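Report on the structure given below.
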Amino acid sequence: MPAQSRRRLAATLAVLLALTAAGCSAKAKSGDDGAGTGADGVKTGEGVGDKTIRLGVLTDMTGVYATLGKSVTQAQQLYVKQLNAQGGVCGRTVELTVRDHGYDPQKALASYTELESDVLGFPQFIGSPFVAAVEQRVDGQDKGLVLPQAWSASLLGSPYIRVIGTTYDIETINAVDFLLTEKGLKKGDKLGHVYFEGDYGENALAGSRHAARQAGLTVVEQKIKPTDNDMSAQVAALKQAGVKAIVLSAGPRQAASLVGVAAAVKLNVPVIGNNSAFAPQLLATPAAPALEKMYYVASPSLPVGADTPVAKKLVADYRAAYPKDALDNGVVAGWTAAQVFGEALKKACASKDLTREGLGKALLTLEGHEAGFGVKHDFSRPKSPSSLDSAILQPDRKAVGGMRTVREPYTSEVAQDFTPAG
């Protein structure tokens with residue numbers, strides 16, 4: 001999204017946030033909650049009492065990202081359950097309070113206002129426009145740690161809102177590098193890019209444009225709305241333009257349509273999507289054979305079915321806890337965010353400071369954190385994402401979680417020299 005449009009959207013949502021806050025009565029805190037020092041000598045503040053540490057989850061379980069929200073939330077609930085079974089943090093039980101905003105701006109901002117004064121921070125907040133709308137308030141007065149399940153570069157720069165993994169622009173640069181080095185794309189070729197209007201798609205487009213300039217490519221752009229599910233017109237335009245590869249910055253439905261239509265009209269070129277552009281449920285659709293043959297996904301981590309000890313344990317534990325639910329990379333995203341939050345809590349406990357300030361300082365000390373999915377995260381620099389790496393995955397019905405790794409996490413040379421426009 002252009003900077004002017006992004007500021008206008010953020011301003012509109014900020015007004016809505018202010019109105020929501022004005023219309024909400026102050027929420028009473030628990031009796032053992034509040035600023036001070038506990039009997040164990042640990043400094044406490046919002047969301048922390050002598051027996052509990054309360055965290056907020058602002059998710060989407062009924063809107064456009066319902067599949068992602070469910071997986072992220074259940075993975076975080078699983079992490080907290082296991083953490084508490086090991087004694088919690090500083091002798092305190094960690095509690096998650098979940099609010100489903102359904103990707104509705106008013107519900108999202110009302111939920112933030114409702115929970116903010118009663119929690120230490122948020123290990124999940126889905127929706128980069130909503131996170132951007134509260135950024136000024138978070139930085140200026142609330143100062144609670146927020147780990148968004150969003151990867152827009154517009155979220156960078158805040159000491160309290162921290163992006164886990166790389167941003168969409170860098171992820172797209174890595175994706176184009178894969179097309180150049182392994183899929184035959186070369187200087188002078190045309191690269192198609194189908195993208196959602198708004199922050200996600202526009203940020204990814206900035207990446208493809210930069211990569212194209214560096215490689216001598218021409219980008220053929222096709223902007224769509226999240227409600228556009230039939231990609232026939234876009235595929236026709238890209239075929240007529242003679243593109244040799246396609247980047248997709250949209251959702252799973254658009255991926256299935258685009259790849260399925262491209263295969264049907266003999267536009268046999270590689271298609272690579274950002275991390276939000278796939279769900280394993282697509283492998284039960286007629287588009288599955290084409291997806292397995294010509295579709296790839298750039299991801300901020302290895303997939304849930306990765307061959308690592310953490311991944312194998314997570315798969316077993318998640319299946320035991322939620323036997324009826326599918327495994328997908330939302331499980332990885334949720335687990336990783338919860339684990340990062342948990343490690344920061346443990347370090348804050350060791351410093352005997354479980355205030356929001358203490359938690360923020362603790363996170364800054366995580367400079368080489370390995371979450372178990374092939375990527376090291378550095379949280380010492382708020383102006384940067386925690387990693388520049390992207391793994392390249394491919395749909396595979398035989399793989400756990402429906403994805404297999406075709407390229408291990410890496411940072412391309414072009415991405416290393418790129419500065420996100422946060």
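General remarks:
- Residue count for region 236-271, restricted to those that are more than 30 Å from Lys70 (Cβ to Cβ) and either assigned by TED's automatic domain parsing to the domain that holds Val64 or of a type in the set (A, V, I, L, M) (or both): 10
- Subset of region 261-271 (residues that are in contact with a helix residue (DSSP H, G or I) (Cβ under 6 Å, 6 or more places away or on another chain), part of a helix (DSSP H, G or I) and surrounded by fewer than 22 Cβ atoms within 10 Å (Cβ to Cβ)): Val261, Ala263
- Gly102 being modelled with pLDDT under 95 and of a type in the set (Gly, Ala, Ser): yes
- Single condition Asn274 does not satisfy, out of (1) under 20 Å from Val64 (Cβ atoms); (2) free of Cβ contacts under 8 Å to residues at least 40 places away in the same chain; (3) buried (at least 24 other Cβ atoms within 10 Å of the Cβ): (2)
- All conditions in (1) over 21 Å from Ser380 (Cβ atoms); (2) among the hydrophobic types (A, V, I, L, M, F, W, C); (3) surrounded by 24 or more Cβ atoms within 10 Å (Cβ to Cβ) hold for Leu180, with the sole exception of (3).
- Close pairs (9 angstrom Cβ cut-off, 6 or more residues apart or separate chains): under 14 Å from Glu95 (Cβ atoms) in region 31-58, modelled with pLDDT under 95 and among the basic types (Lys, Arg) anywhere: Glu46/Lys29; Gly47/Lys29; Gly49/Lys29
- Counting only residues that are small (Gly, Ala, Ser), on the phi < 0 side of the Ramachandran plot and crowded, with 20+ Cβ neighbours inside 10 Å, region 400-422 holds 2 of them.
- Matching residues in region 95-127 - criterion: being among the small types (Gly, Ala, Ser) and more than 18 Å from Thr336 (Cα to Cα): Gly102, Ala108, Ala110, Ser111, Ser117
- Of residues in region 209-242 being in contact (Cβ under 8 Å) with a residue 40 or more places away in the chain and within 20 Å of Val259 (Cβ to Cβ), the one surrounded by the most Cβ atoms within 10 Å (Cβ to Cβ): Leu238
- Every condition in (1) touching an Asp or Glu at 6+ places or on another chain (Cβ under 8 Å); (2) at pLDDT 95 or above holds for Ser208 except the one numbered (1).
- Among the candidates Gly330, Gly342, Gly334, Gly372, residue that is within 19 Å of the chain's Cα centre (by Cα), closer than 30 Å to Val261 by Cα and not assigned by TED's automatic domain parsing to the domain that holds Gly251: Gly330
The values are calculated or read from the model by the stated rules, or taken from the named source; none is laboratory data. None of the values given here were measured: they were computed from a predicted structure. Backbone-built Cβ (ideal geometry, glycine too); neighbour counts: all protein chains shown.
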